[in-house]
1. Convert each backbone phi in segment 193-200 into a coupling constant with the Karplus relation 6.51 cos²θ - 1.76 cosθ + 1.60 (shift: θ = phi - 60°), then list the ³J(HN,Hα) values in order as whole Hz, x for Gly and Pro.
2. Principal axis lengths of segment 269-428 from Cα atoms, whole Å, largest first?
3. At SER298 and GLU242, where each label point lies 7 Å from the Cα along Cα→Cβ, what is the point-to-point distance in nanometres?
4. With only alpha-carbon pairs counted, each pair once and no self-pairs, how large is the Kirkwood hydrodynamic radius of segment 24-153 in angstroms?
5. On C-alpha positions alone, give me the angle between the axis of helix 289-309 and the longest principal axis of the chain, in degrees, nearest 10.
6. As a footprinting exposure proxy, order PHE169, PHE117, PHE46 by other Cβ within 10 Å, with the fewest listed first.
7. Extending each Cα 7 Å along its Cβ direction at HIS13 and ALA39, get the distance between those two points in nm, one decimal.
8. Projecting each Cα onto the charge dipole of segment 97-240 (Lys/Arg +1, Asp/Glu -1 at the beta carbon, about the Cα centre), which of ILE221, ASN147, GLY177 comes out farthest on the positive side?
Amino acid sequence: MGPNYQPDTLCIHAGYSPKNGEPRVVPIVQSTTFRYTTAEAMGRLFNLEDSGHFYTRISNPTTEAVEKKIAELEGGVGCVATSSGMAAIFLSVLNICKAGDHVVSSSAVYGGAFNLFNKTMRDMGIDFTFVPPDVTEEQLEAAMQSNTRAVYCETLSNPSLVVTDLELFAKVAHAHGVPLIVDNTFPTPINCRPFTFGADIVVHSTTKYMDGHAVQMGGAIVDSGKFDWTNGKFPMLTEPDESYHGLIYTKAFGKAAYITKARTHLLRDIGCQPAPENSFLLNLGLETLALRMERHCSNAQKIAEFLDQDDRISWVNYPGLKDSPYHTLAQKYLPHGSCGVISFGVKGGRAAATKFMESLQLASMVVHVADLRTCVLHPASTTHRQLTDEQLAENGISPDMIRMSVGIENVQDILADIQQALEKVQQK
Ligand SMILES: *Cc1c(COP(=O)(O)O)cnc(C)c1O
């Protein structure tokens, strides 16, 4: 795409430009495999000497179009799409860490990411230190070890809505010669492009706003191409890979070393690629992402302001509110808006929160966020129920927290629904 197109134009056009007689819309290439006429031509693909599709576990034309679109939206050199956001997070770390290595992560991360790091990957021998999201530079420095290989955080955390100081995290990571990996699911590249603040790798759950219609699960890893992997800390990228006849990723692929290895090594071995049909659906979602984000944000701002002045509500957390502790960081990192997710407490604690949620009529109770339909969730009893109260607090979650994902319906209808539900809570 032309380098000067705005993000909303990229949402529609990036990643696919048909030639004469080809389909105008990215087609679903529902084929596991691709034909070649000579063994030599196919051999060159296996040796990574040529690029081309040969097996959908590694790459597929429909998925490739979406990968290119997401890479352009984030301003990266390449993207690998995965079957879920969790798969993207797992691969993003596994691509540069092995047993004996260590990662510093913000504690305000998605519950699934926390479990993956704290249990599953620890059991694999990769250690994690969790730091509070509003950590000082000194505290972050103190968490770094000689075997640290990455720093991890979320731009805007799910569900605690902490805005992370990306430049601080990037500064400390880079001082120790390791990359900053940022989960940018909630703001999407429409509201924040972490590479412009020093992040090196971005991951996404495309299941959320990027899809937006709740029809497919997916994830993405995007490489900025800016990190120098040759400082001696990343032998898996700078030493010969015997499974590719001694190929050295940094020599063969330069700026795209990390993202190429994620595909040719990890997708090959682990096989968490998206189905072509899901990539097609994701692409449809991406086409309207910019438009939807604008509406999600303006609706959420109005609802947050309404809740903030209502005395039946005990607290409201939305970075767009002037009294939010993250308002200053939000103005820096999310100047056009954060996302449609608001968290708040209903006076009367856990019981009132449950009654309120059950009384909503337009908003539905689902384990999902970032849908174009307004939905609500009680994290303490659902997504984060494995966590102890102490871990909940570390993740920035209170037992009375309601997470409302504001959709793109008419905001008057959403407000009326909240009003009537609050009245039912009062009635007892
Ligand atoms: C949902 C979510 C994930 C996990 O993504 P899945 O697609 O559900 O696997 C990771 N990070 C964040 C911030 C999320 O909201």
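Every read-out reported here was derived from the displayed coordinates using simple, explicitly stated rules and does not represent laboratory data. These numbers were taken from a predicted model, which means no experiment stands behind them. Methodologically, a virtual Cβ is constructed for each residue, glycine included, from the backbone with ideal geometry; neighbour enumeration extends over all protein chains shown.
1. Calculated HN-Hα couplings, in order: 10, x, 4, 6, 10, x, 5, 9 Hz.
2. Principal-axis extents of the Cα atoms in segment 269-428, largest first: 52, 35, 34 Å.
3. 6.0 nm
4. 17.6 Å
5. Once rounded, the angle reads 30 degrees.
6. The fewest-first ordering by Cβ neighbours comes to PHE46, PHE117, PHE169.
7. Result: 4.6 nm between the two label points.
8. The listed residue farthest towards the positive side: ILE221.
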